[in-house]
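The values are calculated or read from the model by the stated rules, or taken from the named source; none is laboratory data. For clarity, every value in this text was computed on a predicted model and none was experimentally measured. All Cβ positions, even for glycine, are placed from backbone atoms using ideal geometry, and neighbour counts span all protein chains on display. Accessible surface is based on the protein model in full, side chains and every heavy atom, while ligands, DNA and RNA are left aside. Shrake-Rupley method; radii C 1.70, N 1.55, O 1.52, S 1.80 Å.
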Amino acid sequence: MKNLFTICLSFSCLLLWSQDVKLEGIVTDPDGEPLIGATVILDNGQGTTTGGFGQYDFALPAGTYTITASYIGFASKTEEVNLTGDRTLNFELSEGTDLDVVVVSGSSRPQKITESPATIETVFAREIEEYAGNPAELIARQKGVDYFRAGIATPAFNIRGFNSNFNAKNLQVTDGRFSTLIATGLPFGPLSTTIQEDIERYEIVLGPNSTLYGPNAHNGLLNTITKDPRTSAGTTIAINPGINGDGNSFLSLRARHAQVVSDQFAFKIMGEYTSATEFEWADSVYHEPIVGFDTLGVPVRGGTEAFEELDLDPDVNFLRAEAALYYSPTEDLDVIFNTGYSNSNYLSPTNVGRNQIRDWSINYYQLRFSGKNWFAQAYYTASQTDSTYAIDERTKDYLDLVALGFSDREARANSFDGGALFQDDSRRWNAELQYNNNIGKLGYIIGAQYQNDRANSLGSYLLDNGGEDPIIINQLGAYAHLTYHLDRNWRFIAAARFDDHEIYGFNFVPKLGVLHVDGNSSWRLTYGQGIAAPTILNMFGDLFGGLILGNAEGFTLADGTMVPGQVVEKLETFELGYRGQIVPNKLFLDVNGYYNIARDFLSPVSVLGVATQRGDTPMSEVQSGFAGLGGFVATYLNFGQVNTYGADFGLTYYFTPQFSAFFNYSHFNFTFDDLDPENDFTGDGDVNFLDLLVNAPTNKMGAGINYSGDRWFGSLFGRWVQEYNYFSSFQIASETLERPDGTPFIYRGLPIVEGARSADAFNFGPLGGFVTFDLSVGYRLSDKFTIAAAASNLFNTELREFTASAPTRGLYTLEMKINLPALGGKKKK
């Protein structure tokens, strides 16, 4: 009996010893304020984020652990703890350095930037708050990014080549929500609902990230993360008057209020109204005017002439509003509802000239659930415009109507009816479920995403039967992201996505990597794939009476040739990167090199000639202008392979924690097989650079200084972009190009001559080839009042940065900002 009692007692002790113990605590800033969303990671790879009170907890077997707490803008802090029973361990974090940055875009959960398996550039709230101009300008300061000011209202960016005036290859995400138009796949850009004062940070991923974000995180990703009202409570009012280089006025009014109501409830609400006048410039519209009629009454056209854009409206204005409610029923659960609306009017460059964007509205509703190891969301996005139009096409229709005998008033009124008008009444539903945890040294993230697109152009630019049959497409994706911690320094990454699209089918997208991380540096070697899916416009477009048609089903040409339907573009990337301190807390280095293999490009608009069928449907039933077009059609095709390569180099030096300087340089180039007929996009039997339009500068550099003190703050930034030739469908910006024998290169039927017409646009010469400077300076009059000024393109240099857009000049703004403390004594961070 005694032996039995001893055995039972020993067994009970063993059970007791094998039970987990609890490690818990809170993470705060130096003032004792809780840091919500701070990352707490153990040396075995297990991790969590702090809840609404800054709290964290783990259930762990007894033993010795190294635990690290980190938060955006703060230095990480590491402690070793020997757990023999329940333990409380609190962290107080101080101001951090470049290597303490915490990001989420690389693996869809918080991690130090040195531990991310991707090259990520960051722009933080302090930089955004202290810049008195458009915060998108700060993206221009990041290495590896091609930044364009395509007018006052339309800043744009591109990553690692293949840019165009209709670029859907760089995905934009806001708070986990796709910020792209439903039918075209284009990023919202100026249509965004988010105001400057609510941006916590930008994270820019260089290279493909399709495993987590799906198709079109192809060349890169811009992730905008907004502020949590629980850590940013208070009221901000900003007034920005200004003037552009042409002497036209600019005004932006913005306000944001965030409040913590109780331990469970918080909310934020914000709005913006901005108005400006676009830079003065009118594009050339090339048209063959009607000069008479033949004996059957058919119009006879004369030689091509150049005309100015009709009724150009340079007025720009944006109305934006957002609101969010945060509810924390328990310590480990956040329920977040947010909604936003925007209405925009501006000029937008496209492949066929400029569009006059009129009353284009975006609104969304998003519901997110965030638990200790899981995340779920569902959101709805709507896009609507009734009166946006293509200026080029409207101008041509007006000229024809005048030639046909209509009065000027009648011609203007009816010039929208010939294919120039773009309407949109599209909807999108998205849902996502994600779970993350650890099994020993293996950390894993698994998730699934669903998307339902309902694109409706009301018959204006899609094959949607006048809006009676919206284009409905479903997509489903599942992903897994695994990180194995071999020891404290070595990590191995394996990720994959399984993507199924109703039109282009199934795709498998893998990613592999190895990281070596220590306290001051990290090396990473990765292999990843990306895909770029044809947009709904590419698949089901119906432009200008059916002259340009989508290619979801393929075509049969008059000679019996079968033209296949579209497939996804594919990209493979090999990348080696390093981040580290060269001089502790002083000099930081971030460098990467990459090699890409890109296949099956989706071409710009390509002329097929006369077709008899689209899929199984006769052209007479597809083309609304069949009588005039006779089956003549242009569309989008897949073709070719090109290898691109490059490197990005960045140095940052801190003279003091407040005063720093930085320098970055990026190189990009490409090779292709000129004997491969698959690369012959133009079909002329000669494979050359005009078949594979890379559209990126070979070299670019940037350098600047930043100062952020208790009262004064400011920055000076200079950017050099090497001159380069650019071709985008009907748009061209190139030097005169001739073959070795002196004969000209031909693009879309015309010689490439600088300072002359080429295709349907005027060739003003190459893009880039400039040096420009931006300056900002500000002063905090008190804790509540700040005044600042910013100059984009300080010396008002005329820059050709994009086609179908005005040469950009200076923009000079003054900002007066009021920051009021949170109600109820809550501190605003």
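Structure above, values below:
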{"item": "Segment PHE764-HIS516, extension gain: residue separation times 0.36 nm, minus the distance between their alpha carbons", "result": "84.4 nm"}
{"item": "Using alpha carbons only: equivalent-ellipsoid semi-axes of the range 735-795, gyration tensor based, whole Å", "result": "48, 12, 7"}
{"item": "D_trans [Stokes-Einstein, Kirkwood Rh over alpha-carbon pairs] for the range 552-647, 4 °C, 1.567 mPa s, µm² s⁻¹", "result": "77 µm²/s"}
{"item": "Order by protection proxy (mean Cβ within 10 Å, highest first), peptides 407-414, 429-436", "result": "429-436, 407-414"}
{"item": "Helix 391-403 axis, angle to the chain major axis (alpha carbon atoms, nearest 10°)", "result": "20 degrees"}
{"item": "Dimensions (Å) - the chain, Cα atoms, principal axes, largest first", "result": "119, 65, 54"}
{"item": "Inter-label distance, nm, simple model (7 Å from Cα along the C-beta direction), ILE439/LEU312", "result": "6.3 nm"}
{"item": "Label point distance in nm, PHE745-TYR365, each placed 7 Å from Cα along Cα→Cβ", "result": "5.2 nm"}
{"item": "Sequence of SER76, SER232 from largest to smallest accessible area, 1.4 Å probe", "result": "SER76, SER232"}
{"item": "Per-selection Rg to Rh, the range 101-256 - Cα, Kirkwood hydrodynamic radius", "result": "0.96"}
{"item": "Around PRO744: net Lys/Arg minus Asp/Glu count, Cβ-Cβ under 15 Å", "result": "-3"}
{"item": "Of all DSSP beta bridges in the chain, antiparallel share, percent nearest 5", "result": "95 percent"}
{"item": "Hydrodynamic radius (Kirkwood) for the range 350-433, which is based on Cα pairs only, to one decimal in Å", "result": "15.7 Å"}
{"item": "Which of SER344, ASN317, TYR365, positive extreme of dipole for the range 240-366 (C-beta unit charges)", "result": "TYR365"}
{"item": "Paramagnetic label zone (point 7 Å from Cα along Cα-to-C-beta, ASN688; backbone N under 19 Å) in the range 642-659", "result": "642"}
{"item": "Label-point gap, in nm, between ARG87 and LEU333 - each point 7 angstrom along Cα→Cβ", "result": "3.1 nm"}
{"item": "Additional length obtainable on full extension of the chain from GLU738 to GLN264, 0.36 nm per residue less Cα span", "result": "163.7 nm"}
{"item": "Accessible surface, the chain, averaged per residue in Å² (probe 1.4 Å)", "result": "40 Å²"}
{"item": "The range 492-570: equivalent-ellipsoid semi-axes (sqrt of 5 x gyration tensor eigenvalues, Cα, Å)", "result": "41, 13, 11"}
{"item": "Residue among SER603, GLY220, ASN763 farthest towards the positive dipole end of the chain, charges placed on Cβ", "result": "GLY220"}
{"item": "Cross-link table LYS268/LYS586; LYS227/LYS372; LYS227/LYS570, entries beyond 27 Å C-alpha to C-alpha", "result": "LYS268/LYS586; LYS227/LYS570"}
{"item": "Cubic angstrom per residue, convex hull over Cα atoms of the range 534-597", "result": "147 Å³"}
{"item": "Protein accessible area in the chain, 1.4 Å probe - carbon and sulfur %", "result": "58 percent"}
{"item": "The range 143-168 residues near the modelled LEU576 label - backbone nitrogen below 18 Å, point 7 Å along Cα→Cβ", "result": "none"}
{"item": "Under 10 Å, Cβ to Cβ, from ARG141 - net charge with Lys/Arg +1 and Asp/Glu -1", "result": "-2"}
{"item": "Mean Cβ count within 10 Å, highest first, over the residues of peptides 589-601, 148-160", "result": "148-160, 589-601"}
{"item": "Nearest 10 degrees, 0 to 90: helix 2-18 Cα axis against the chain principal axis", "result": "40 degrees"}
{"item": "For the range 679-738 and the range 196-240, distance of Cα centres in Å", "result": "24 Å"}
{"item": "Theoretical gain in end-to-end length, ASP246 to TYR779 [0.36 nm per residue, Cα-Cα removed]", "result": "189.1 nm"}
{"item": "Dipole magnitude of the chain about its Cα centre (Cβ charges: Lys, Arg +1; Asp, Glu -1), debye to nearest 20", "result": "2860 debye"}
